[in-house]
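Peer 1: My questions all concern the structure below.
Readers should treat all values here as calculations from the given coordinates under stated rules, not as data from a laboratory. Please read these numbers as outputs of a predicted model, since none were measured by experiment. Every residue, glycine among them, receives a Cβ derived from its backbone with ideal geometry; neighbour counts consider all protein chains shown.
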Amino acid sequence: MKKLYILLAFLLFGADLHAQQTNLTEAVDFTVTDCHGQTYNLFEILDRGQAVFIDFFFYTCGQCQVISPYITGSYTQMGCNMHDVFYIEISYIDSDAACQQWASEYGVEFPTVGRDGGGNEVFELYGIQACPTLVLIMPDRSIPIQGLLDLYPFSAQDVVNAMQRNGLQPHDCTGTLTINPQTLHIYNDGETYEPGQLTISNMTAEDVTINAFTADPIFALQCMDDGQDVTEGMTVSAGQSIIIDVYVDVPVKESFEGKMYVNTSAGNFEVDIVYEMTVGVSENSTTLALFPNPANESVTLQRENLGVVSLYNVVGQKVETFYTDESQLVIPTAKYQEGIYFIRTSNGNTQRLVIVHN
């Protein structure tokens with residue numbers, strides 16, 4: 001080990017460390033396919049709350065071979081892609097077969113992407129001029145680690161320490177299956193159907209089988225993953241997350257609340273369903289009015305005795321709660337992201353709100 005570390009130091013001192021970094025400070029999105037056929041999108045990983053650590057390498061790169069054990073060591077200490085950080089290595093020149101050989105030879109368990117999977121395009125996007133270059137991208141798209149200079153002198157613990165300086169914590173290589181949100185809103189006004197979106201995250205070390213989606217009271221559900229019907233079951237790979245669009249697949253003419261049950265090989269889960277059907281609501285003094293809709297800077301609500309007013313996002317998460325004993329309430333909307341929201345009053349009256357920033 002001592003000889004290996006001395007060799008590493010010699011190689012790094014003899015290299016142009018400034019060339020081994022990206023000049024970007026904010027992430028650019030990309031989609032790649034690893035040497036085993038699995039596809040990954042950068043922003044999807046960031047949006048689920050994980051940072052992404054990228055090792056830009058190629059098979060015959062001597063320094064890449066030397067530091068690979070340190071990278072895989074830090075990968076294990078940081079939770080094997082199941083917690084705060086997602087590791088991926090990208091080559092601009094190696095074929096899928098060469099990448100498979102590299103991963104086998106150096107014990108790499110995280111995704112390895114080569115030329116065939118789009119690696120050369122990512123090198124160009126990030127301006128990578130030399131290897132190895134190591135880059136850390138945070139969920140907010142910032143790039144606090146741009147290259148080897150940020151990790152020098154370099155060991156597995158140096159990588160872990162750098163992660164911790166950026167608020168990322170070590171974990172064991174174990175995890176759980178999580179299903180969110182706990183309350184799923186499905187909206188139907190007779191013309192526009194907004195499905196509920198259910199995120200299933202498999203942070204275990206094993207593939208998890210989803211055996212069935214059922215509901216109570218009994219009503220038919222349709223569950224779609226990227227346009228494919230998965231109502232009858234599916235598999236979520238270890239370390240992966242998927243988003244399921246959930247529809248009520250029968251003609252339902254009234255709003256109702258119920259339960260959704262997700263039976264999996266990792267346990268059974270329960271989700272509340274709120275189905276909002278607004279066709280035929282009479283225009284009377286109890287109807288909730290809101291304007292403008294779409295809203296930019298603010299939206300005004302009008303109804304007698306508004307009371308408690310809650311704002312939900314499109315996946316059923318409560319964003320904020322307001323209270324007034326007046327018949328009018330102005331909610332500032334500039335701070336919210338663009339998208340579809342639902343406003344619900346204490347008497348159960350619900351309206352759809354679209355926020356668009358000009």
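Peer 1: Ignoring everything except DSSP H segments at least 4 long, calculate the 222 nm mean residue ellipticity for the chain; use -39,500 (n - 2.57) per segment, divide by total residues, nearest 500.
Peer 2: After summing the helix terms and dividing by residue count, I get -5000 deg cm²/dmol.
Peer 1: In sequence order, what are the phi-derived ³J(HN,Hα) couplings for the stretch 153-169 according to the Karplus relation 6.51 cos²θ - 1.76 cosθ + 1.60 with θ = phi - 60°, rounded to whole Hz, with x for glycine and proline?
Peer 2: x, 4, 7, 4, 6, 4, 5, 4, 4, 5, 4, 5, 4, 9, x, 9, 10
Peer 1: Ignoring the sites themselves, what is the longest stretch of the chain with no GluC sites (Glu not before Pro) in a DSSP loop and at most 15 other beta-carbon atoms within 10 Å?
Peer 2: Here the longest segment lacking exposed loop sites spans 1-108.
Peer 1: Could you please report the charge total around Tyr87, scoring K, R as +1 and D, E as -1 over all other residues with beta-carbon less than 10 angstrom from its beta-carbon?
Peer 2: Combined, the nearby Lys, Arg, Asp and Glu give -3.
Peer 1: For the stretch 115-179, what class follows from the C-alpha gyration tensor (a ≥ b ≥ c being the square roots of its eigenvalues): rounded when a/c is under 1.5, otherwise prolate if a/b is larger than b/c, else oblate?
Peer 2: Oblate, since a/c reaches 1.5 and b/c is not below a/b.
Peer 1: How much net charge surrounds His357 when only other residues with a Cβ under 13 Å from its Cβ are counted (Lys, Arg +1; Asp, Glu -1)?
Peer 2: Result for the local shell: -1.
Peer 1: Using the Cα centre of the chain as the reference point, and only Cβ charges (+1 on K/R, -1 on D/E), how large is the resulting charge dipole? Debye, rounded to the nearest 20.
Peer 2: Numbers: 13 positive and 44 negative charges, 187 e Å.
Here the chain has a charge dipole of around 900 debye.
Peer 1: First select every other residue whose beta carbon is under 13 angstrom from the beta carbon of Val319; then total the charges, Lys and Arg +1, Asp and Glu -1. Spell out each step's value before the answer.
Peer 2: Details: positive: Lys318, Lys335, Arg344; negative: Glu320.
It works out to a net charge of +2.
Peer 1: Would you please give the residues with an amide H less than 5 Å from that of Ala295, counting only those at least 5 places away or on a separate chain, with H modeled from the backbone geometry?
Peer 2: When sequence neighbours closer than 5 places are left aside, the close amide H contacts are Val354, Ile355, Val356.
Peer 1: Tilt of helix 2-13 relative to the longest C-alpha principal axis of the chain, in degrees (0 to 90, nearest 10)?
Peer 2: Its long axis makes an angle of about 80 degrees.
Peer 1: If you take semi-axes √(5λ) of the Cα gyration tensor in Å from the coordinates, which of (1) 47, 23, 17; (2) 36, 25, 17; (3) 34, 21, 19 do you get?
Peer 2: It is the value labelled (1).
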